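Coordinate-derived values only; no laboratory data. This one's a predicted model, so the numbers in the text were calculated from it and none came from an experiment. No Cβ is skipped: glycine too gets one built from the backbone with ideal geometry, and neighbour counts run over all protein chains shown.
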Amino acid sequence: MGMDTLQLRESEIFRILKKIKGVDFVLIGGYAANSYALPRFSVDCDIVLRKKDVQNAKHILESEGYSIVAGGDDAPYYGEFLRSEITIAETMRASVDMLIDKVSDRQSGVSFDADWIFENSERRTIIGKTITERINIRVINADALFVMKFISARTTDIRDIFMMVTSIKDFEWVRNEIGLRLNFEEQYGKIFEKISNKHFKDNLQGVYGYIDEKIFQKHLDMIRKLPEANS
């Protein structure tokens, strides 16, 4: 996929986020992670909203040319959510996933309700990876996003938590929130094994660009200290 294609998709996501700013939602996922770490490209845009705000969001999206479809089995979530899509090039679409009342992670089976996500959110500025656009919207805070990504632990999530770890404000809270939902030690072991792989840094740089060795080690040391919180 060429850079021009990536720019088209990212430009569209920023455009539509500006259109729906008036709707009460919280941004999660890759675009949220961009406000706490070096920006990376994300294919989909994920927002959490309450059921009472769905019709308003759908109306705006449809008026901007988006088609609303049910969430598919290929998505990282299950439960009640809608995917909105628009064709922006002959072979490419941009999409916004609307997660309604909760986020249910398909990988782990863990759910986070909308009240928890709204409570742990704040207004932040997100910036583009391939474009110079920026936008100030409501974003899940770093600690809560770290919890969600630690629990889902896909390859992209592990890269994100590694890059985000220096933005964490309360490690004890993070560890406790993870422990309420699954076995922290077991999950940490799986994640740290992948981070310790000799190819991890190369894969990280393939997404984020060059990372200085001192910075890499600083992030690694902070990941190592996570089990000490509230121990």
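Give the long-range amide H neighbours of residue 182: residues separated by 5 or more places, or on another chain, with amide H under 5 Å away, using H modelled in the peptide plane at 1.01 Å from N.
Hits under the 5 Å cutoff: none.
Would you calculate, for the chain, the mean residue ellipticity at 222 nm contributed by helices, counting each DSSP H stretch of 4 or more residues as -39,500 (n - 2.57) and dividing by all residues, to the nearest 500? Write out the running numbers ahead of the final one.
Working: 10 runs with 102 residues, N = 231.
Using -39500 (n - 2.57) per qualifying helix, the result is -13000 deg cm²/dmol.
Report relative contact order for the stretch 65-119 in percent, whole number only (criteria: Cα-Cα under 8 Å, sequence separation at least 6). All intermediate terms of the calculation are to be shown ahead of the outcome.
Numbers: 83 pairs, mean separation 15.4, N = 55.
Relative contact order comes out at 28 percent.
Please compute the contact order of the chain in relative form: average sequence separation of alpha-carbon pairs under 8 Å and at least six residues apart, divided by the residue count, as a percent.
Values: 345 pairs, mean separation 44.8, N = 231.
After rounding, I find 19 percent.
If the elastic network links every pair of Cα atoms under 10 Å, which of 115, 44, 101 fluctuates the most in the Gaussian network model of the chain?
Among 115, 44, 101, the largest GNM mean-square fluctuation belongs to 115.
Quick one: net charge around residue 165, please, counting Lys, Arg +1 and Asp, Glu -1 for every other residue with C-beta under 13 Å from its C-beta.
Working: positive: 149, 159, 169, 175, 218, 224, 225; negative: 143, 157, 160, 170, 221.
So the environment of residue 165 carries a net charge of +2.
Kindly express, to the nearest 10 degrees and within the range 0 to 90, the angle between helix 3-19's C-alpha long axis and the longest C-alpha principal axis of the chain.
The angle comes out near 70 degrees.
Defining a contact as two alpha carbons under 8 Å apart and six or more residues distant in sequence, what relative contact order in percent does the stretch 81-187 show? Intermediate results must be reported in sequence, preceding the final value.
Working: 117 pairs, mean separation 17.5, N = 107.
Relative contact order, the stretch 81-187: 16 percent.
Around residue 50, which amide H atoms from residues at least 5 apart in sequence, or from another chain, sit under 5 Å from its own amide H, with H modelled in the peptide plane?
Counting only residues 5 or more places away or on other chains, the set is 101.
Pick out which of 197, 34, 176 has the largest mean-square fluctuation in a Gaussian network model of the chain, springs linking Cα atoms closer than 10 Å.
197
Any chance you could list P(r) for the chain, counting all Cα-Cα pairs in 5 angstrom bins from zero, rounded to whole %?
Histogramming the chain at 5 Å steps yields 1, 6, 14, 18, 20, 18, 12, 7, 3, 1, 0 percent.
R0 = 25 Å: FRET efficiency of residue 80 with residue 136, Cβ-based, nearest 0.05? Don't jump to the answer; show the numbers that get you there.
Numbers: r = 28 Å, r/R0 = 1.13.
Step by step, r from the Cβ atoms, then E = 0.35.
Who wins for biggest fluctuation among 59, 219, 199 in a Gaussian network model of the chain, springs between alpha carbons below 10 Å?
Comparing 59, 219, 199 in the GNM, the peak value goes to 199.
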